[in-house]
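The values are calculated or read from the model by the stated rules, or taken from the named source; none is laboratory data. It should be emphasised that the depicted structure is a prediction, and the values quoted were computed from it without experimental measurement. Here Cβ is always computed from backbone atoms with ideal geometry, including for glycine, and neighbour counts include all displayed protein chains.
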Amino acid sequence: MFAYPDGRQALFGVDFTVERGERVALLGPNGAGKTTLVLHLNGILGSVAGGTGSGRVQIGGTGLHREHLGEIRRKVGLVFQDPDDQLFMPTVRDDVAFGPANLGLRASELDDRVHEALVQVGMQDHADLAPHHLSFGQRRRVAVATVLAMRPEVLVLDEPSSNLDPAARRELADILAGLDVTLLMITHDLPYALQLCERSLLMNGGRIVADGKTRDLLADADLMSANRLELPYAFNPLSVPGPEH
Amino acid sequence: MSGDGLLVAVESPVHRIPAQVKLVALFIFVLAVVSTPAAVFWAFGGYAVMLLAALVTAKLPAPVVSRRLAVETPFLVFALLLPFVATGPQVSVFGLQLSQSGVLGAWNVLAKGTLGVIAAILLSATTAPRELLAGLERLRLPATLVAILSFMVRYLSVVSDDLHRMRVARESRGYLGGRAGQLKAVAGGVGVLFVRSFERGERIHLAMQSRAYTGRMPQLSTHGASQSQWLVGLAIPLAAILIAIAARVVGL
Amino acid sequence: MGVHVPDGFFNAPTSVATGLIAAGAVGFSLQRANRELRETGPALAGLTAAFVFAVQMVNFPVGAGTSGHLLGGALAAALVGPWTAVLVMSTVLLVQGLLFADGGLTALGTNITLMGLVTVLVGYFLTRALLKVMPRRVGSVVPAATVGALVSVPVAALAFTGLYSIGGAVDIPLAKLATAMVGWHILVGIGEAVITATVLSAVVATRPDLVYAARHLQQDLVLVDADGNSSTVSPDRPIGAQPAGRSLGVGIAVTLVVAGGLSLFASAHPDGLEFVGGKLGFDGAAKDSAVAGSPLADYGVHGIGNTQVSGALAGIIGVLVTIVVGLAIAKLASLRASKAS
Ligand SMILES: Nc1ncnc2c1ncn2[C@@H]1O[C@H](COP(=O)(O)OP(=O)(O)OP(=O)(O)O)[C@@H](O)[C@H]1O
Ligand SMILES: [Mg+2]
């Protein structure tokens, strides 16, 4: 359960488990509470953070309590919906270094970590630029790098493919598919969910209404239309390869 | 408005001087200018020549400087009124009755204001915002203030763009209306802009927390300025101090 | 104002003195805002500063073909609290001075004192004071802050005049300067008030929890769990909120002290005396500004022997008149609003 400080309640009881190494898509219409839910996963919202609401979160056997907050936030990396929210430092390099520096890395160790993360997303040549000099897709990639630099065990992405051109969208998929982490990805891009995630959770009205194989959910026309989900024109979820192939 | 301030991104010896040196230099220079008696005209000539030399060394295009000088206009008007409204002995110029002290006062405001603005342009056109922040940090500006400054600089263009988009949206939907209506519409848009900005601030804080932020921003500046850099950077302000002292001692 | 004082406008001692005032105020605000900044993060203050910066570029017509723009001190104070607002306004001025060469570096202290300190404190304490005597709901903050904004601008103009009387480069008849400044800035203040009112109404309508000055007026939240049971939770308590019970006096007192004190300064200047004697330096109609015909044109209370007291009284009366006018506008606005709904 959780309500925002203006009194709007966004979560009404949500319960699910994700296994280590699993890739799960979180689907649902606008305003379903997806973003709100993932902000609970590292204790940014909810009672741990001093907000209103109740419930329990466990990451890799560690319960989410105030005293473990630092550890949980190190394990769970969150990539926000809008890269401008995530890139707040004066240059790309400063920004990617922000997390690792907070973890105590310094000097060459820090530089190496930053470089490695930027190489992973192919942005090493833009390290000294200011974020507002980058294109949207570039900012999204740097946003992913800022989180990768923290070497999270669980990577949570909020609509990573939105506003990307087709090539950038595919490149990001390649990056994500190559990572050895547990992945939870919010998306309205259903083919993307099918391509990257074997399992999907479907949210609506602050509750989880379905949990199963992505392919099965997408093929269930009644479930889909009841939750305002629509496949792209002429897209058949049963005839495209998924991550299991 | 751009998040780069007035930066003119070229290579020059002035660009290469560390920001903290330039900040100190600017401050000393302007202080010297401000404390020079208005009637010592040659002193202001000296300041102007030194500034001009610095502008040329910094490879700043003249239009950049002159355009920016426009911010002075309101005080220009004020200065031009001074000869008419000031009290004291009057002089007659082209049939106009002008106050002597008013004329000198107008010159005082104009000369010092203009030199101050040009010196400030020299700083902002040759220093990237990030360097400026690092320089302020070096000069021991409180960390919280540096942090607020750095967020402000980063999001200046984002917020201005939001504002611009909202205006375009309003106008493209054919919003007309009288003066009052327009004021109201603008203000309403500004209200939405605040909520947006504030909520973005909240989300940024969340993004920071999820990257292990615990209340301390990482340092921006990595190394200080060398002795020779200080020497080069402070050459002009030191000369300005000499001029200011000479102006006070020698007078005219 | 609305325009930034450049270098050399005031003499060096005045610049140093206001520099010290500004530094002290920023230091004090840093300390007072520390707790809320730790909780909400510096990003929020930075974004608010970016907002104020952007909004200062929106011009509104004042009259006679000229325009003014929002200073935003009173608005920022109502939205994020006085101490954060002082930091926000100082940050805006620092960025304008260093990145955009707007406002002299040696005049930074003066600019912070006038636009970052006087407008914020006058606006905020007046707002809080008025809230004490208004209906206890979040919406009351709109008329209260409107009056705060309206008054804050002429008071800052008065403060400017006061500084000019101490450290202005040239002797000009100060009473006339005060008249022109205050008269003009009452007009600018009306624009400021309208924008402040509309911005606050928009914020109260969408995110009432964001309005710092009205956080103590918020209602409790109702939570519903998965089974449909509801419970009541109090929203996050305001951080560092004023304990209730401090009277209307604080706000009015701050305003009057600033207004009266500065007018005292203004009229203490020898040239201020001439005015009361009716021997003004002004002589051509060309220099008579539009404000000369305003009700405040005769800035100085005639018939009172001590000229300094007279000038101070005039300042206070000016502010009081502004408050009354502001209250009337606020009343009118809320009447119209309730009629509309
Ligand atoms: N900061 C906030 N304050 C108040 N209410 C909020 C806030 N953020 C979200 N909400 C509300 O909470 C509900 C869930 O929002 P949330 O952002 O979690 O949706 P979402 O599933 O991520 O939607 P989208 O697909 O549009 O991103 C919505 O009704 C929204 O209006
Ligand atoms: Mg969302």
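Do we have B:V34 as buried (at least 19 other Cβ atoms within 10 Å of the Cβ), closer than 27 Å to C:L174 by Cα, among the aliphatic types (A, V, I, L, M) and in contact (Cβ under 8 Å) with a residue 24 or more places away in the chain here?
The answer is yes for B:V34.
I'm trying to understand the selection: among the residues of segment A:202-215, which are farther than 16 Å from A:G31 by Cβ and touching a Leu at 6+ places or on another chain (Cβ under 9 Å)?
Kept after step one, since they are farther than 16 Å from A:G31 by Cβ, are these residues of segment A:202-215: A:210-215.
A:A210, A:D211, A:G212, A:T214, A:R215, listed by residue number.
What are the pairs with Cβ atoms under 6 angstrom where one residue, in segment A:157-173, is within 14 Å of another protein chain (Cβ to nearest Cβ) and the other, located anywhere, is within 13 Å of ligand 2 (Cβ to nearest atom) and outside any helix (DSSP H, G or I)? Sequence gap at least six, or different chains.
Filtered contacts from segment A:157-173: A:L157/A:V79; A:L157/A:M185; A:D158/A:F80; A:D158/A:Q81; A:D158/A:I186; A:E159/A:Q81; A:E159/A:I186; A:E159/A:T187.
Restricted to segment A:2-35, and to residues that are within 11 Å of ligand 1 (Cβ to nearest atom), away from chain C (no Cβ under 14 Å) and not aliphatic (A, V, I, L, M), which residue is surrounded by the fewest Cβ atoms within 10 Å (Cβ to Cβ)?
So, considering only residues that are within 11 Å of ligand 1 (Cβ to nearest atom), away from chain C (no Cβ under 14 Å) and not aliphatic (A, V, I, L, M), the one surrounded by the fewest Cβ atoms within 10 Å (Cβ to Cβ) is A:N30.
Taking the criterion of being part of a loop (DSSP other than H, G, I, E, B), at pLDDT 65 or above, more than 16 Å from ligand 1 (Cβ to nearest atom) and not polar (S, T, N, Q), would at least one residue in segment C:219-230 satisfy it?
There is no residue in segment C:219-230 that is part of a loop (DSSP other than H, G, I, E, B), at pLDDT 65 or above, more than 16 Å from ligand 1 (Cβ to nearest atom) and not polar (S, T, N, Q).
Go through segment B:26-64 residue by residue and tally those that are within 19 Å of B:H15 (Cα to Cα) and away from chain C (no Cβ under 11 Å).
Restricting attention to segment B:26-64, the residues satisfying the condition of being within 19 Å of B:H15 (Cα to Cα) are B:26-29, B:50-64.
Subsequent filtering for residues that are away from chain C (no Cβ under 11 Å) retains B:50-63.
The total comes to 14.
Checking the condition more than 16 Å from ligand 1 (Cβ to nearest atom), modelled with pLDDT of 90 or more and over 19 Å from C:A43 (Cβ atoms), which residue from A:E159, A:E109 passes?
A:E109
Please state which of the following conditions A:L118 fails to meet, knowing it meets all the rest: (1) farther than 16 Å from A:L148 by Cβ; (2) away from ligand 2 (no atom under 16 Å from the Cβ); (3) away from chain B (no Cβ under 12 Å).
It fails just one condition, (1).
Checking A:L217 against (1) closer than 21 Å to A:G77 by Cβ; (2) more than 16 Å from ligand 2 (Cβ to nearest atom); (3) more than 14 Å from chain B (Cβ to nearest Cβ), only one condition comes out false. Which one?
A:L217 satisfies every listed condition except (1).
Check C:V141, C:V86 and return the single one that is within 12 Å of chain B (Cβ to nearest Cβ), of a type in the set (V, I, T), over 21 Å from B:A120 (Cα atoms) and part of a helix (DSSP H, G or I). Give the derivation first.
On the way: C:V141 fails: within 12 Å of chain B (Cβ to nearest Cβ).
The conditions single out C:V86.
Looking at (1) away from chain B (no Cβ under 14 Å); (2) away from ligand 1 (no atom under 13 Å from the Cβ), which is the only condition A:M150 fails?
Among (1) away from chain B (no Cβ under 14 Å); (2) away from ligand 1 (no atom under 13 Å from the Cβ), the lone unmet condition for A:M150 is (1).
For segment B:185-226, which positions are out of contact with any Lys or Arg (no Cβ under 9 Å at 6 or more places or on another chain), more than 7 Å from every other protein chain (Cβ to nearest Cβ) and either among the polar types (S, T, N, Q) or free of Cβ contacts under 8 Å to residues at least 40 places away in the same chain (or both)?
B:R196, B:Q219, B:T222, B:H223, B:S226
Checking C:L105 against (1) buried (at least 24 other Cβ atoms within 10 Å of the Cβ); (2) more than 7 Å from chain B (Cβ to nearest Cβ): exactly one of these is not met. Which one?
Answer for C:L105: the failing condition is (2).
Which one of the conditions (1) in contact with a helix residue (DSSP H, G or I) (Cβ under 8 Å, 6 or more places away or on another chain); (2) under 30 Å from B:L149 (Cα atoms); (3) within 13 Å of ligand 1 (Cβ to nearest atom); (4) more than 14 Å from chain C (Cβ to nearest Cβ) does A:H40 fail to meet, given that it meets all the rest?
So A:H40 meets the others, but not (1).
All but one of (1) among the polar types (S, T, N, Q); (2) part of a helix (DSSP H, G or I); (3) touching a residue at least 60 places away in the same chain (Cβ under 8 Å) hold for C:T106; state the number of the condition that does not hold.
Unmet for C:T106, out of (1) among the polar types (S, T, N, Q); (2) part of a helix (DSSP H, G or I); (3) touching a residue at least 60 places away in the same chain (Cβ under 8 Å): (2).
When the residues of segment A:90-115 are narrowed to those that are aliphatic (A, V, I, L, M) and more than 7 Å from chain B (Cβ to nearest Cβ), which ends up farthest from A:S162 (Cα to Cα)?
Within segment A:90-115, the match that is farthest from A:S162 (Cα to Cα) is A:A107.
Taking C:L105, is it within 26 Å of C:P42 (Cβ to Cβ), in contact with an Asp or Glu (Cβ under 9 Å, 6 or more places away or on another chain) and not basic (K, R)?
The answer is yes for C:L105.
Tell me which of these A:R106 doesn't satisfy, since it passes every other one: (1) surrounded by fewer than 22 Cβ atoms within 10 Å (Cβ to Cβ); (2) basic (K, R); (3) within 18 Å of A:T182 (Cβ to Cβ).
Looking at each condition in turn, A:R106 falls short on (3).
Could you list all residues from segment A:199-217 that are outside any strand (DSSP E or B) and either touching a helix residue (DSSP H, G or I) at 6+ places or on another chain (Cβ under 6 Å) or closer than 26 Å to A:Q9 by Cα (or both)?
Result: A:G205, A:G206, A:T214.
When you look at B:A62, is it within 19 Å of the chain's Cα centre (by Cα), at pLDDT 75 or above and surrounded by fewer than 23 Cβ atoms within 10 Å (Cβ to Cβ), yes or no?
When the stated conditions are applied, B:A62 passes them.
Checking B:R140 against (1) within 18 Å of the chain's Cα centre (by Cα); (2) not aliphatic (A, V, I, L, M); (3) not in a helix (DSSP H, G or I): exactly one of these is not met. Which one?
Against the list (1) within 18 Å of the chain's Cα centre (by Cα); (2) not aliphatic (A, V, I, L, M); (3) not in a helix (DSSP H, G or I), B:R140 comes up short only on (1).
Any residue that is assigned to a helix (DSSP H, G or I), in contact with a Gly (Cβ under 8 Å, 6 or more places away or on another chain) and not basic (K, R) - is there at least one of those in segment A:52-71?
yes
Within segment A:178-204, take every residue that is of a type in the set (G, A, S) and within 16 Å of ligand 1 (Cβ to nearest atom) and give me the one that is surrounded by the fewest Cβ atoms within 10 Å (Cβ to Cβ).
The selected residue is A:S200.
Can you tell me which residue is nearest to the other protein chains (Cβ to nearest Cβ) among those in segment B:96-108 that are more than 23 Å from B:I236 (Cβ to Cβ) and in a helix (DSSP H, G or I)?
Of all residues in segment B:96-108, those more than 23 Å from B:I236 (Cβ to Cβ) come to B:96-106.
Still in the list and also in a helix (DSSP H, G or I): B:100-106.
Working: B:Q100: 10, B:S101: 5, B:G102: 6, B:V103: 9, B:L104: 7, B:G105: 3, B:A106: 8 Å.
The qualifying residue nearest to the other protein chains (Cβ to nearest Cβ) is B:G105.
For segment A:121-145, give me each residue that is surrounded by fewer than 17 Cβ atoms within 10 Å (Cβ to Cβ), assigned to a helix (DSSP H, G or I) and within 12 Å of chain B (Cβ to nearest Cβ).
A:H133
From the set of residues in segment C:2-28 that are crowded, with 21+ Cβ neighbours inside 10 Å and more than 10 Å from chain B (Cβ to nearest Cβ), which is nearest to B:S35 (Cα to Cα)?
C:T18
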